[in-house]
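Comments concern the structure below.
Laboratory data are not the source of any read-out in this text; all were calculated from the coordinates shown. Predicted, not measured: the structure shown is a model, and the values here were computed from it. Backbone-built Cβ (ideal geometry, glycine too); neighbour counts: all protein chains shown.
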Amino acid sequence: MVLVHNYALAVFFFVIAMTCWGSWANTQKLAAKNWRFELFYWDVVIGLLVFSLIAAFTLGSMGHEPGGRTFMEDLAHADGKSIAYSMLGGIIWNLGNLLLVAAIAVAGLAVGFPIGGGIAWLGGTILGFTIEIATKGSSNSNPYLLFGGMALAVFAIYLSMRSYKRLTAYQKKPSFKGILLSVLAGLFIAPFYTVTMYGMDPAFGLTGAGTLTPYSGAVFFALGAFLSTFIINPFFMARPVEGAPVKMSAYFKGSIKSHFWGILGGSIWMLGMLVSFMSSGEGSTIAYALSNAAPVVAILWGVLVWKEFKGAPKGTNSILTIMFVLFLIALVLITMSNT
C-alpha cells in the first residue's frame, strides 16, 4: 500500500485534506436549485463508499510497504473490534455531517463551517492530544503552540457567530437555528477521527490498537456512514429543518446533474480522508488539526465566491476578515507545533 513517511510531504497532504474537506460542500450549491440537502446527501454517501473502494483496490493494494498487505489480504486479517470502531467513526461523523449540511442549507458555507467545523476542529484536536499523552506518555506537539492556535480558533468561531447575527438582524431573519445546527454538527464530528483511529494497526505508524490499514479503515468508515444514512436521513426528510417533508421518491426524479454533484462531493471528502490517513503516521494530532482546518477554506468559498454576506451591514466585512486571519494564524501555529 502507499503511505507517507516524510513530515514535509505529510503536511502537504494534510493541506490537501483541509482543502478537500473545506471545498466538498460547494457541490451542494452546484446541484439543481430546488434539490433539497436531504436528497443531495444520499449521493454524498454513495460517493464516499465508491471512492473508498476504488482507493482500496488501487493505492491500497500496491507498493512495497514493510509488512504491508493488499486490501483483500487486509480484510482477511481484520478483526471485528477494529471494524466496529471504524464503522462507529463513520456513524458518528455521518450524524454530525448531516447536521452540518443542514446548517449550510440554512445559514451558508461561511457560517456553518466556521462554527460547526471550527468546534469539531477544536474538540477533535484536544481529544487527539489527550489520548496521545495517555497512550504514549508524551506528544510530538508543542502544547503552547498547539493550544495557542486553538485559542485563536475559538475567538474566530465567536466572530463567525457575531457576523452571522449581524446579517440576520439586518435581514430580519432568525439566526438561532443556523447557529444551533452548526454547534450540534461540531460536537458530533469532533470525536470521529479519534474513534476511527482506534481500529487502525499501529504497525503503520497510526495511533490505534486495531488491525486495519488506512485504506481498509476508510472503507469500513464509509460503510458505517452509508448504512447509518438509511436510519438518520429519513428522520431529516420527515422532520426537515426547513421546508416541507420530502419523500424518497423525489430522489429518483432528480436530474443527472444533481446526482453527479452529490457523488462528486462525497468523493472529494473521501479523498481528503484518505490522504490524511496515508500521512497520519507522521503525527496523529497534527493530522487531525491540519486536516480539519477546513473552515479556513470554506470561509473563502462562502464569502468570496458565493457572496453569502452580500448586503450585510457596515463593519461585517471587517469582522469576517479578522475571523479569517485568526483561523489562518491558528493554522500556522498548529503546523509549527509539531516541528
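Net length available on complete extension from Val332 to Ala209 is 41.3 nm, with 0.36 nm assigned per residue and the Cα-Cα distance removed.
Selection among Asn317, Ala185, Val305 by position relative to the dipole of the chain gives Asn317 as farthest towards the positive end (Cβ unit charges, Cα centre).
How far, in nm, would the chain grow between Leu304 and Tyr158 when pulled straight, counting 0.36 nm per residue and subtracting the alpha carbon separation?
The span from Leu304 to Tyr158 would gain 50.5 nm if fully extended.
Panel order for Arg36, Arg69, Arg162, by other beta carbons found within 10 Å of each beta carbon, from fewest to most: Arg162, Arg69, Arg36.
With a 10 Å Cβ neighbour count serving as the proxy for reagent exposure, in which order, fewest first, do Ser216, Ser276 appear?
Ser276, Ser216
About its Cα centre, the dipole of the chain is roughly 1680 debye, where the only charges are +1 on Lys and Arg Cβ and -1 on Asp and Glu Cβ. Ordering Thr70, Leu146, His259 by the projection of their Cα atoms onto the charge dipole of the chain, which places +1 on the Cβ of Lys and Arg and -1 on the Cβ of Asp and Glu, puts His259 at the extreme positive end. Across region 174-290, C-alpha contacts under 8 Å between residues 6 or more apart give a mean separation that, scaled by the residue count, equals a relative contact order of 22 percent.
Positive-end ranking of Tyr198, Val15, Phe327 along the dipole of the chain, with charges on Cβ about the Cα centre, is headed by Phe327.
Shown for Met278, Met72, Met237: other C-beta atoms within 10 Å of each C-beta, ranked fewest to most, produce the order Met72, Met237, Met278.
How much of the pair distance distribution for region 17-336 lies past 33 Å, counting alpha-carbon pairs only, in percent?
Numbers: 12121 of 51040 pairs.
That fraction is 24 percent.
Any idea what the alpha-carbon Rg over 2.2 N^0.38 Å comes to for region 58-197?
Values: Rg = 19.0 Å, N = 140, 2.2 N^0.38 = 14.4 Å.
In units of the globular-protein estimate, region 58-197 measures up at 1.32.
Can you tell me, using C-alpha contacts under 8 Å and at least 6 residues apart, the relative contact order of the chain as a whole percent? 39 percent.
Only lysines eight or more places from Lys314 in sequence, or on another chain, were considered; those with a Cα closer than 30 Å are Lys29, Lys33, Lys165, Lys172, Lys173, Lys177.
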